[in-house]
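A quick write-up on the structure given underneath.
Nothing in this text is a laboratory measurement; each read-out follows from the coordinates by a stated rule. Source: prediction; values computed, not measured. Positions of Cβ are generated from backbone atoms using ideal geometry, with glycine treated the same way; all protein chains shown enter the neighbour counts.
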Amino acid sequence: MDLFSCAGQKALVVGIANEHSIAWGCARALKAQGSDLAVTWLNDKAEPHVRPLAEEIGAEIVGPLDVTKPGQTEAIFDEIAGRWGRLDTLVHSIAFAPRDDLHGRVIDCSAEGFAKAMDVSVHSFLRMIRMAEPLMKEGGTCLSVSFFGSSRVVRHYNLMGPVKAALESAVRYAAAELGTGGIRVHALSPGPLSTRAASGIDHFDELLAEAARRAPTRQLATIDDVGAMAAFLASPAARNLTGGIHDIDGGYSITA
């Protein structure tokens with residue numbers, strides 16, 4: 001058995017927006033390790049940016065997935081069930097908060113904005129795990145993406161701090177509930193990365209510079225760093241690991 005190979009595995013990667021996306025780093029790494037891929041894009045506006053990337057890695061299943069649109073999540077899982085009959089790896093790399101709620105104080109966020117952020121960033125992962133479970137009869141790996149701001153106050157991260165804290169708690173509970181079925185659940189937690197989603201955070205350039213200064217390696221993580229961890233966790237080598245929040249940040253999270 002090749003411990004670090006994902007040969008023959010079937011993987012769904014949700015959240016690619018462009019070539020700078022964390023989800024793209026994960027998809028590329030999983031493909032390099034032998035996985036067959038299903039890839040989604042958010043909407044018609046995103047499709048021209050994502051479809052060429054899906055073609056580059058030979059994705060076998062492609063299509064739209066907006067988790068706020070009824071039926072779209074079910075549709076992609078139905079296609080996976082019909083085409084593959086199984087799923088080994090799920091990568092959920094999506095998060096959202098309305099701009100006004102994200103840029104304001106946490107205590108000032110609207111109930112509607114809080115609920116929307118929790119639904120897209122957290123509950124959609126739980127919904128996907130629930131749909132993936134019957135396709136992971138021989139076990140599998142479910143991954144989402146978090147950030148250091150879940151457990152520490154990071155300036156300007158605001159509403160996404162409590163949301164990512166909820167995501168990490170959901171990871172632990174899902175891992176506990178699914179462990180006997182061989183399904184592992186993890187969160188990947190890179191330091192600040194220059195992605196399209198992160199650009200919505202106020203003063204994000206300052207956060208990037210501060211992270212690079214504080215990290216013991218003096219380097220920001222890359223999407224390839226995150227992809228390498230995703231591929232490892234999906235491989236047989238990680239079969240007895242679950243419920244982890246995996247820092248991929250050059251040591252940024254250990255500094256004061």
Worksheet item: Are there trypsin sites (Lys or Arg not before Pro) in segment 106-170 that DSSP puts in a loop and that have at most 15 other Cβ atoms within 10 Å, and which ones?
Response: 137, 152, 155
Practice prompt. Convert each backbone phi in segment 140-151 into a coupling constant with the Karplus relation 6.51 cos²θ - 1.76 cosθ + 1.60 (shift: θ = phi - 60°), then list the ³J(HN,Hα) values in order as whole Hz, x for Gly and Pro.
Written response: x, 9, 10, 10, 10, 10, 10, 7, 3, x, 6, 10
Practice prompt. Using a cut-off of 14 Å between beta-carbons, work out the net charge of the residues near residue 167 (Lys and Arg +1, Asp and Glu -1, residue 167 not included).
Written response: +1
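For segment 59-138, which GluC sites (Glu not before Pro) are both in a DSSP coil and crowded by at most 15 other Cβ atoms within 10 Å?
60, 138
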Item to complete: Mind running the shape call on segment 96-194? Use the C-alpha gyration tensor, a ≥ b ≥ c as the square roots of the eigenvalues: rounded below 1.5 for a/c, prolate if a/b tops b/c, oblate otherwise.
Response: prolate
Worksheet item: To the nearest Å, what is the center-to-center distance of segment 118-168 and segment 65-98, using C-alpha atoms only?
Response: 14
Practice prompt. Could you run the Karplus curve 6.51 cos²θ - 1.76 cosθ + 1.60 with θ = phi - 60° over segment 157-173 and give me ³J(HN,Hα) per residue in whole Hz, x for Gly and Pro?
Written response: 6, 6, 4, 5, x, x, 5, 5, 4, 5, 4, 5, 5, 4, 4, 5, 5
Worksheet item: Helix 204-214: angle to the longest alpha-carbon principal axis of the chain, degrees 0 to 90, nearest 10?
Response: 90
Practice prompt. Lys and Arg at +1, Asp and Glu at -1: add these up for the other residues within a Cβ distance under 10 Å of residue 61 and post the number.
Written response: -1
Discussion item. Using a 10 Å cut-off around each Cβ, can you sort 39, 91, 153, 106 from fewest to most neighbouring Cβ atoms?
Written reply: 153, 106, 39, 91
Item to complete: Run down the lysines and flag those whose C-alpha is under 16 Å from the C-alpha of residue 31, throwing out any fewer than 8 positions away in its chain.
Response: 10
Discussion item. To test your reading of the geometry: what angle, between 0 and 90 degrees and rounded to tens, separates the Cα axis of helix 72-83 from the longest principal axis of the chain?
Written reply: 30
Worksheet entry | Calculated FRET efficiency for the pair residue 138/residue 111, C-beta based, R₀ 51 Å, to 0.05 | 0.75
Fill in: Ranked 35, 124, 144, criterion: other C-beta atoms within 10 Å, fewest first
124, 35, 144
Worksheet item: When 67, 13 are ordered from fewest to most other Cβ atoms inside 10 Å of their Cβ, what list results?
Response: 67, 13
Worksheet item: How large is the dipole of the chain about the Cα centre if only Lys and Arg carry +1 and Asp and Glu carry -1, each at its Cβ, rounded to the nearest 20 debye?
Response: 460
Worksheet item: In the chain, with Lys and Arg counted as +1 and Asp and Glu as -1 at Cβ, which of these residues, 145, 30, 243, has the Cα nearest the positive end of the dipole, that is, farthest along it?
Response: 243
Practice prompt. Round to the nearest 10 and give me the degree value, 0 to 90, for the angle of helix 22-32's Cα axis relative to the longest principal axis of the chain.
Written response: 30
Discussion item. Taking the alpha-carbon distance from residue 116 and a cut-off under 23 Å, which lysines remain once sequence neighbours fewer than 8 residues away in the same chain are dropped?
Written reply: 45, 69, 164
